[in-house]
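The structure under discussion appears below in the form of structure tokens.
The values are calculated or read from the model by the stated rules, or taken from the named source; none is laboratory data. All of these numbers come straight from a predicted model, not from anything done at the bench. Every residue, glycine among them, receives a Cβ derived from its backbone with ideal geometry; neighbour counts consider all protein chains shown.
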Amino acid sequence: MSLRPRFTLAFTAVGALVAVLVGVLSFRAASDRVVDGANRTVRLVALAVAEEQDTAQALPYAGTRDSDGHPGTGDEAEQPAIVRAVATDGTTTHLGGPDVALPVSDTGRALAASGAAEQEEATMIEVAGDTYCQLTIALGEGRGALQAAIPLEPTRDVLVGVAQEIAGAVLAVVLAAAGAGWLLARRITRPLVRLAGAAEEISADDPADREVPVDGRDEVARLSASFNTMLRRLAASRAARERLVQDAAHEVRNPLTSLTTNASVLRYVTELSPDDRDRLLDDVEDETRELGHLVHELVGLALSRSRDEAEEPVELAEVAGRAAQRLHRRTGRIVLLDADDRVVRGRRQALDRAVSNLLENAAKFDGDGEDPIEVHIRRGAITVSDRGPGIDAADAERVFDRFHRTDTAHGLPGSGLGLAIVRDVAQAHGGTVFARTRSGGGAAVGFTVAPSRLLPATEPDVAAAPQERG
């Protein structure tokens, strides 16, 4: 069963429960009032007859009877109450009203024989299938007692009518609750239906083409807004993935073409001169190494975009120190580290990879290796400086694009993905990237993290002395 019928049934059930409860309480209140009124009426009749017995004929009751003594429809003449005298020995004498033999209980006999004046007994009795409200009141001083009774059938007819009216009202309330519940359920579930429809179509359509209307500020509106944000992120992720695949296909095509050509030439390796064979094998090795490096960078780029790594407090100086030691082991380059002691909330492996890529990029362009590479860390900003050819202003914005290679980078190893990974890591930490020409020659490339990720410093923010890592 869908959500809308469930809401409708829930609203209907609540409305029916409330209506039935109110109806039962109303009927009980009406029944109690009618019975209390009958008791008061029969008592007034009994007291009046006790004062003056000949007034009994003048005291009618609010019911009617037909010629057979059964309750009438209201068209017949009103009938008086039944009044009988009870002697001290328990015998009865009819005084007024229909001649109905009212039974005398043991309590009634006791009241007639020795009861005090106005001592009474009220009961419900049944005579010949009819129910009566009866009151026995003692006259006192050995004068016996009086019995007064009125039939309850007319009263029951009134109660039946009241019950029917209440049942009709309850049914109307239930139908109204069902209609209102359906309208409310439709209004409540309409945004959810739109969300469900959009979710079902995402697999077939472009998420960028989907937008769920946001109405109001309630929880459903917040869900719709969050769903739209998710759709935009899915569209952006899909577009980024497509760009990555297209760029990777373009970059892989050249080494694969070269390897295919060289593999064809290897069929005639015996016909080549020794120098040609050496050049051919060197070319195969270079293209294979370049293709392997490209695959490695592609895997690294995909991992850098992962959000599965848990965040933790990370000391940037420690991360940069380990990256500098790895670079020295591989290349023998000296790295000067000048860092503060700030700790950030971030992903340790991603930050480590970003710093390593900056160092490898600096080592690649600073080819002579005479001057050390410098790393500066201040308040979440990491800058790696080298003394290479520098960066042109036109390339400063594009060096972080995937597979982009400057004119000075042609002929150098690399895939053009290292700085793209740095940009992804910076964006994942709410920061930015930058590249500029270093004062005195070379380039200064780095990234920042968001100020909100800086954890409170445990000591005064004093710059540490430059350290040589190597």
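Looking for something more than 21 Å from G418 (Cα to Cα) and out of contact with any His (no Cβ under 9 Å at 6 or more places or on another chain) - is there at least one such residue anywhere in the range 373-382? So that I can check it myself, show each step before the final result.
Kept after step one, since they are more than 21 Å from G418 (Cα to Cα), are these residues of the range 373-382: 378-379.
Checking the rest, the ones that are also out of contact with any His (no Cβ under 9 Å at 6 or more places or on another chain) come to 378-379.
Yes; the residues of the range 373-382 include at least one that is more than 21 Å from G418 (Cα to Cα) and out of contact with any His (no Cβ under 9 Å at 6 or more places or on another chain).
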Among the residues of the range 404-423, is any modelled with pLDDT under 80, more than 39 Å from the chain's Cα centre (by Cα), surrounded by fewer than 17 Cβ atoms within 10 Å (Cβ to Cβ) and assigned to a helix (DSSP H, G or I)?
-> yes
Would you please list the contacts, defined by Cβ atoms under 9 Å and residues six or more apart or on different chains, that run from a residue in the range 415-442 that is closer than 13 Å to E397 by Cα to a residue that is among the hydroxyl-bearing types (S, T, Y) and modelled with pLDDT under 85?
-> A420/S304
Would you point out which residue out of R322, R326, R330 is assigned to a helix (DSSP H, G or I), modelled with pLDDT of 70 or more, under 45 Å from the mean Cα position of the chain (by Cα) and farther than 21 Å from R453 by Cα?
-> R322
Just one of (1) part of a strand (DSSP E or B); (2) surrounded by fewer than 13 Cβ atoms within 10 Å (Cβ to Cβ) trips up G197, so point out which.
-> (1)
Can you name the residue in the range 103-118 that is modelled with pLDDT of 80 or more and outside any helix (DSSP H, G or I) and, of all such residues, is surrounded by the fewest Cβ atoms within 10 Å (Cβ to Cβ)?
-> A116
Looking at (1) modelled with pLDDT under 80; (2) more than 21 Å from P154 (Cα to Cα); (3) loosely packed, with under 14 Cβ neighbours inside 10 Å, which is the one condition that is false for L25?
-> (1)
Filter the range 79-102 down to residues that are among the aliphatic types (A, V, I, L, M), more than 29 Å from R33 (Cβ to Cβ) and in a loop (DSSP other than H, G, I, E, B), then give me how many there are.
-> 2
Any pair with Cβ under 7 angstrom, 6 or more apart, that starts in the range 256-280 at a residue that is among the aliphatic types (A, V, I, L, M) and ends at one that is surrounded by 11 or more Cβ atoms within 10 Å (Cβ to Cβ) and not in a helix (DSSP H, G or I) | L280/L272
Of the residues that make up the range 58-65, is at least one in contact with a Gly (Cβ under 6 Å, 6 or more places away or on another chain), of a type outside the set (A, V, I, L, M), surrounded by 15 or more Cβ atoms within 10 Å (Cβ to Cβ) and modelled with pLDDT under 80?
-> yes
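For the range 284-297, which positions are at pLDDT below 80 and either of a type in the set (A, V, I, L, M, F, W, C) or more than 28 Å from I421 (Cβ to Cβ) (or both)? Before you say what the answer is, go through the steps one by one.
If we filter the range 284-297 for residues that are at pLDDT below 80, which is where we start, we get 286-287, 289-297.
Those that are at pLDDT below 80 and either of a type in the set (A, V, I, L, M, F, W, C) or more than 28 Å from I421 (Cβ to Cβ) (or both): L291, L294, V295.
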